Amino acid sequence: MVKTKGYAAQDPNSDLAPWNFERREVGAHDVQIEIMYCGVCHSDLHQIKNDWFPGIFPMVPGHEIVGKIVKVGDHVKNFKVGELAGVGCMVDSCQECENCKNDLEQYCSEGNTQTYNNLDRSGSPTYGGYSDTIVVREEFVLHISEKLDLAATAPLLCAGITTYSPLRHWKVGKGHKLAVLGLGGLGHMAVKFGVAFGAEVTVLSTSPSKEENARQLGAHHFVVTSDPEQLKAVKSSFDYILDTVSAEHDMNLYISLLKTDGVHICVGAPSKSMQLGIFPLLGGRKSVAGSGIGGIKETQEMLDFCAENNIVSDIELIDIKNITNAYERMLKGDVRYRFVIDSKTLTN
């Protein structure tokens, strides 16, 4: 077994604290990665607090993982010791269903195996990237370019692919008006990708103070959603709204901002269900859709695109001992735009 140092929540009412555990030995098709950085996702907090569903404890969060390969199995073909690599939100799937065969492992018919707070196919709990090493089957490991800032690359494994995938699926690009609802970890990546794809990007936010940051990220316009006059000015304006908000909000309000045949795409995951009226949809043949992460092929495509276009996340590097404070700040929106754990601090 591989001895591992990490930080875990022992139950939904406790803060994260040091916890030593063991990972499986490196099998013939496995890759072991020395974790160097791990992003802090809002879903980490949701899961350790049982906001969505009962968790598996002790729980080691973290699914935005980058580092260096330290060991490979005898049958591994695509990775070598010493290379940079990453792991995102999933570490396995059935590999046999229609979705898996179409490179949509995130929608595996049997359910993909999540990087943490899940049971693997042997029935053992999975543990995430708030730790110093991880062992993953080769098919779910990603190549990371040395061109990119490694720490700032970590959030691409969730915040990046979660916004890249729907923009690619709906072929958002030149000639489209894209609104990004919310300017946090997901939202700031949506702005970067939307601009890179050639769309005209507007940020919708309740915080006027974020306008300068939005424009620095490349947004062409900024709308304060608490201002009725600003909202009126963009009614029936957008081809797409990418909704990154993970708190409760009035979706009906934003549906009115879509053009005929417009699509409101949800990628944020509020802990409570929200009501949506049917008439705003009927009056314009509008759609509401959801999107998860991307498959492994698409995630690698995104990482390669980022390397070619020098796109990474805006981050604040933290000591893992400050994770509770980071969560508190994240809830207040006090981060521009993603916390990333420096894994060296696990042993300091």
### In degrees, nearest ten, helix 296-309 long axis to first principal axis of the chain (Cα)
70
### Fraction of beta bridges assigned by DSSP in segment 223-348 that are antiparallel (%, nearest 5)
0
### Message
On a straight-distance basis, which lysines could pair with Lys174 in a cross-link, Cα separation under 30 angstrom, same-chain partners fewer than 8 positions away excluded?
### Response
Lys147, Lys192, Lys210, Lys232, Lys235, Lys259, Lys286, Lys297
### Listed peptides 91-101, 163-173 by packing density, highest first (mean Cβ within 10 Å)
163-173, 91-101
### Message
Give me the one-decimal nm value for the distance between modelled label points at Lys77 and Thr324, 7 Å along each residue's Cα-to-Cβ direction.
### Response
4.9
### Mean Cβ count within 10 Å, highest first, over the residues of peptides 259-266, 35-42
35-42, 259-266
### Query
Of the residues Ala28, Ala159, Ala326, which exhibits the maximal mean-square fluctuation in a Gaussian network model of the chain defined by a 10 Å Cα contact cut-off?
Ala28
### Message
Sort 131-139, 76-84 by the packing proxy (mean of other Cβ within 10 Å over each peptide's residues), most packed first.
### Response
131-139, 76-84
### Query
How high is the FRET efficiency from Ser145 to Arg285, r the C-beta distance, R0 35 Å, rounded to 0.05?
0.25
### Query
Helix 159-169 versus the longest principal axis of the chain: what is the Cα-based angle in degrees, 0 to 90, to the nearest 10?
60
### Task
Starting from the Cα-Cα distance between Asp334 and Asp11, subtract it from 0.36 nm times their residue separation and give me the gain in nm to one decimal.
113.7 nm
### Summary
Rounded to the nearest 10 Å², the accessible area of Ile278 using a 1.4 Å probe with every protein chain kept is 90
## Note on the structure
Shape descriptor, the chain: equivalent ellipsoid semi-axes (Cα gyration tensor, sqrt 5λ, whole Å, largest first) stand at 34, 21, 19
#### Entry: Projected area averaged over orientations for segment 199-285, convex hull of C-alpha atoms, nm²
5.8
### Query
If you put +1 on each Lys and Arg Cβ and -1 on each Asp and Glu Cβ, how big is the dipole of segment 181-332 around its Cα centre, in Debye rounded to 20?
380
#### Entry: aspartates and glutamates with Cα under 13 Å of Lys321, excluding same-chain neighbours fewer than 8 positions away
Asp15, Asp342
### Query
With the calculation restricted to Cα positions, what are the radius of gyration and Dmax of segment 230-348 in angstrom?
18.6, 59
### Query
Hey, with R₀ at 56 Å, roughly what FRET efficiency would Thr347 and Lys171 work out to, going by the Cβ-Cβ distance, to 0.05?
0.75
### Query
For the chain, with only Lys/Arg (+1) and Asp/Glu (-1) charged at the beta-carbon, what is the dipole magnitude about the Cα centre, in debye rounded to 20?
540
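The values are calculated or read from the model by the stated rules, or taken from the named source; none is laboratory data. Keep in mind it's a predicted model, so treat the numbers as computed, not measured. Every residue, glycine among them, receives a Cβ derived from its backbone with ideal geometry; neighbour counts consider all protein chains shown. Heads up: the accessible areas ignore ligands, DNA and RNA and are worked out on the full protein's heavy atoms, side chains in. Shrake-Rupley method; radii C 1.70, N 1.55, O 1.52, S 1.80 Å.
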